[in-house]
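Every read-out reported here was derived from the displayed coordinates using simple, explicitly stated rules and does not represent laboratory data. Remember, it's a predicted structure, so these values are computed and weren't measured experimentally. Positions of Cβ are generated from backbone atoms using ideal geometry, with glycine treated the same way; all protein chains shown enter the neighbour counts.
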Amino acid sequence: MTMTQDTLPDASSAAKTIPPARLAHFVLRTSRFEEMIDWYKTVLGAEAAFQNEILAFLSYDEEHHRVAFLNMPDLAEQQEGVAGFHHAAFTYSSLSDLMATYKRLRDVGIKPIFPINHGPTTSMYYQDPDGNQIELQVDNYDRIEDATAFFYSPAFAENPIGVEFDPEDLLRRVEAGEDEEVLKRRPDIGQRGLEAVKLR
């Protein structure tokens, strides 16, 4: 059934909704089957739980799969300016882990297309061979309550996009032993909206 404004549940029925326990996986259809599998294995440090000529299921943790691929030859290329999936995000335990991943990927020729400190996270966006984006990030706050508070702050209202950074400079500073909490603080650059930056 297609949901419209008239068919959306009202606030009273929303209280009965049971949300999912976690996000399990996402699935991509591709005509670059082997290339996509290799790219995600490299970027995420994933292994194939199952793979044949039609399907592949990859995981990097205890879950049986986190990303899957459908081999569909002769798909059209993605077009700019159309509605659809923008990105999926993966969180690292520390800024050091995130920047070590940046360095590992850089050294095999995979570079971020958009490094940015959003405020709640320090993030780097990458583009896979089909043009889909993934975000590799680290939480900038130790407590979820503090990250949530930032979303309601005047600083976020003024600049909900974030502040770009030079990953090479950040890597140098991390490797020099600078305080990660200090490095994750978002600079104040004033007002900024979607027109100031292109996420794709």
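How many lysine pairs in the chain, separated by 8 or more positions in sequence or lying on different chains, have Cα atoms less than 30 Å apart?
So the count works out to 10.
Test of understanding: ordering K184, K16 by Cβ neighbours within 10 Å, fewest first, what list do you get?
Listing K184, K16 from fewest to most nearby Cβ atoms yields K16, K184.
Would you mind calculating the relative contact order of the chain from Cα pairs under 8 angstrom and at least 6 residues apart, reporting the percent as a whole number? The partial results should precede the final answer.
Numbers: 271 pairs, mean separation 33.4, N = 200.
Relative contact order, the chain: 17 percent.
About the Cα centre of the chain, how large is the charge dipole given +1 on each Lys and Arg Cβ and -1 on each Asp and Glu Cβ? Please answer in debye to the nearest 20. Could you put the intermediate results ahead of the total?
Values: 19 positive and 34 negative charges, 33 e Å.
So the magnitude is around 160 debye.
Nearest 5 is fine: what % of DSSP beta bridges in the chain come out antiparallel, could you say?
Roughly 65 percent of the beta bridges in the chain run antiparallel, per DSSP.
For segment 58-145, what proportion of DSSP beta bridges, expressed in % and rounded to the nearest 5, is antiparallel?
Details: 12 of 18 bridges.
Rounded to the nearest five, the antiparallel share is 65 percent.
When only C-alpha pairs under 8 Å and at least 6 residues apart count, what is the relative contact order of segment 87-186, in percent?
34 percent
Using the count of nearby Cβ atoms within 10 Å as a rough guide to exposure, how do S123, S93, S31 rank from fewest to most? It would help to have the intermediate numbers written out before the result.
Numbers: S123 22, S93 9, S31 15.
If I rank by nearby Cβ atoms, fewest first, I get S93, S31, S123.
Using the Cα gyration tensor of segment 87-186, with a ≥ b ≥ c the square roots of its eigenvalues, what is the shape: rounded (a/c below 1.5), prolate (a/b larger than b/c) or oblate (neither)?
Here segment 87-186 falls in the oblate category.
Looking at segment 21-73 only, what percent of DSSP beta bridges run antiparallel? Nearest 5 please.
On the way: 8 of 13 bridges.
Roughly 60 percent of the DSSP beta bridges within segment 21-73 come out antiparallel.
Starting from the 7 Å offset along Cα-to-Cβ, what nm value, one decimal, do you get for the label separation of D179 and A147?
Result: 2.2 nm between the two label points.
Could you sort 32-41, 74-83, 162-171 so that the peptide with the highest average Cβ count within 10 Å comes first and the rest follow in order?
Top to bottom by mean Cβ count within 10 Å: 32-41, 162-171, 74-83.
Match the structure shown to one of the listed values (i) 1.03; (ii) 0.94; (iii) 0.99 of Rg/Rh (Cα atoms, Kirkwood Rh), computed from it, and give that label.
(iii)
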